[in-house]
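The values are calculated or read from the model by the stated rules, or taken from the named source; none is laboratory data. Just so it is clear, the model here is predicted, and its values are computed rather than measured. Cβ: placed from backbone, ideal geometry, glycine included. Neighbour counts: every protein chain shown.
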Amino acid sequence: MARILIVDDSAISRIKLKDIFELDCHEIVGMAEDGLEGVEKFKALKPDLVTLDVTMPKMKGLDCLKEIMTLDQNANVVMISALGKGDTILEALNAGALNYITKPFEEKQVLKTIREALEEL
Amino acid sequence: MFNKYFGHYLLSKHIITKEQLIIVLSDKNKSRVKLGVLAIDAGYMTAAQVTEVHNLQAKKDRRFGDLAIENGFLTEEQLEVLLSKQQESHTTLGQVLMDEQIMSYDDYEQLLVQYKIDSGFSDDEIEILKSNDTDAILELFLDMGNTEEVKLFKAYVELFIRNIIRFVDRDVVIGKPYLTEVYAYQNYASQDIVGSYSMETGLSASDDVIIKFAMAYTNMSITEVNAMAKDAIGEFMNCQNGLFISNLYHKGINCNIEPQVFREKGEITAQMKLFVLPCDLPFGNVDILFSI
């Protein structure tokens, strides 16, 4: 079981991800609607894993990822975004993301990616 | 495919109910198409002439085609065309509507004429609609020149239609796209694409349709245009546009998407070219907007 922080501006995506993770016995320690809130909640909650959207208001996901990695270079972040183009994926992975899932996501794919990321912990 | 277009037209004009449309489009209504219906469809005979031949058939034991030729309503060549169409034809909506006694030959003929006027389709375009070839239909509708803007619009709506079919409802019927300078909306979910090209993309619909679209996309119970409904439409746009710019990236065009915006009751004034593609779904109409 992992303590997970979900950062996504879409309420639908947050609800779906929360349901998927809770059914897999993980604990959702927090949810954030934009990158700024994501950074603040990461500092406060110190989750085992963060799922992070890319296209968000206030602070974009890639900037949020870089802030989180600056705060903790061992942070475990999986990107979950509709933006699936090569340069964005590469930038996220180079910045320290463990993996990158493109939306619309499927439950099996999310769980497989999260389990693989958690095994690396 | 023509059955769907004509069926949705009859539905929008309140000539048939949704329940009747479902019945007449269902697979159980597969019967041989009558020559009289095909003759009206092709514009060879009027409804009055078809009725006259039917009346004659009631008195004489003769075939429809023979009597139509004998009375000067059809030529030999036209009959051959109709017989060949009858072999290859799917059941027409008109056939079923008349078999079910929802309308007469006269009604059918008049509505067909009115449909051509209202839709703006030529006879050739109607033939393409009857072909059941989705690619040809999109090609027909998107015949707006070959500029870079039109190519991008075409790529955009082709993907949009596939996503509607995949995630919302497979029974989508696309209308004729048009360019406009001003567009008024009740609800408008938009998302800007920036980078090599600047584009504004959006989906517009009434309250009722936004709710049903959001429900179909999320499989959640949504009863009003609330934060959840707006979020669902925005997320659909986000996924659509994420895929679109990924496709562009593979062609060497680098763009990014901005966060989505949902607006109510307003007007868009085109700064650039504003394309609109109307789409009919079983629960109502949506417009896809694309500005470049």
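Go through the range A:9-31 and give me each residue that's in contact with a strand residue (DSSP E or B) (Cβ under 7 Å, 6 or more places away or on another chain) and within 14 Å of chain B (Cβ to nearest Cβ).
A:14, A:17, A:18, A:31
Looking only at residues that are surrounded by fewer than 16 Cβ atoms within 10 Å (Cβ to Cβ) and β-branched (Val, Ile, Thr) in the range B:240-269, which one is modelled with the highest pLDDT? Of everything passing the filter in the range B:240-269, B:253 is modelled with the highest pLDDT.
Every residue, every condition in (1) in contact with a helix residue (DSSP H, G or I) (Cβ under 9 Å, 6 or more places away or on another chain); (2) outside the structural domain of residue B:168 (by TED's automatic domain parsing); (3) closer than 21 Å to residue A:84 by Cβ, yes or no:
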| site | (1), (2), (3) |
| --- | --- |
| B:209 | no, no, no |
| B:223 | yes, no, no |
| B:236 | yes, no, yes |
| B:247 | yes, no, yes |
| B:255 | yes, no, yes |
| B:259 | yes, no, yes |
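Check the range B:116-130 and report whether any residue there is outside any loop (DSSP other than H, G, I, E, B), of a type in the set (A, V, I, L, M, F, W, C) and closer than 30 Å to residue B:229 by Cα. The answer is no; no qualifying residue exists.
Going by the structure shown, is residue A:37 acidic (Asp, Glu) and modelled with pLDDT of 95 or more? Yes.
Checked against the criterion of being surrounded by fewer than 18 Cβ atoms within 10 Å (Cβ to Cβ) and in contact with a helix residue (DSSP H, G or I) (Cβ under 6 Å, 6 or more places away or on another chain), the candidates A:112, A:108, A:58 yield just one match: A:58.
In the set B:25, B:83, B:79, B:21, only one residue is at pLDDT 90 or above, more than 14 Å from residue B:109 (Cβ to Cβ) and either in the same structural domain as residue B:110 (by TED's automatic domain parsing) or buried (at least 20 other Cβ atoms within 10 Å of the Cβ) (or both); that residue is B:79.
Does residue A:17 satisfy the condition of being crowded, with 21+ Cβ neighbours inside 10 Å and closer than 18 Å to residue B:232 by Cα?
Taking the combined requirement at face value, the residue satisfies it.
In the range B:183-240, which residue that is farther than 16 Å from residue B:262 by Cβ and β-branched (Val, Ile, Thr) is farthest from the other protein chains (Cβ to nearest Cβ)? Result: B:223. Of the residues making up the range A:63-91, those that are at pLDDT 95 or above, part of a helix (DSSP H, G or I) and crowded, with 20+ Cβ neighbours inside 10 Å number 3.
In the range A:65-76, the count of residues that are within 27 Å of residue B:214 (Cβ to Cβ) and not polar (S, T, N, Q) is zero. If you check A:1, A:59 for being within 14 Å of chain B (Cβ to nearest Cβ) and aliphatic (A, V, I, L, M), only one passes: A:59. Whenever a residue of the range A:67-95 is touching a residue at least 24 places away in the same chain (Cβ under 8 Å) and more than 14 Å from every other protein chain (Cβ to nearest Cβ), its partners that are hydroxyl-bearing (Ser, Thr, Tyr) and assigned to a helix (DSSP H, G or I), lying with C-beta atoms within less than 9 angstrom and at least six residues away or across chains, give the pairs A:78/A:113.
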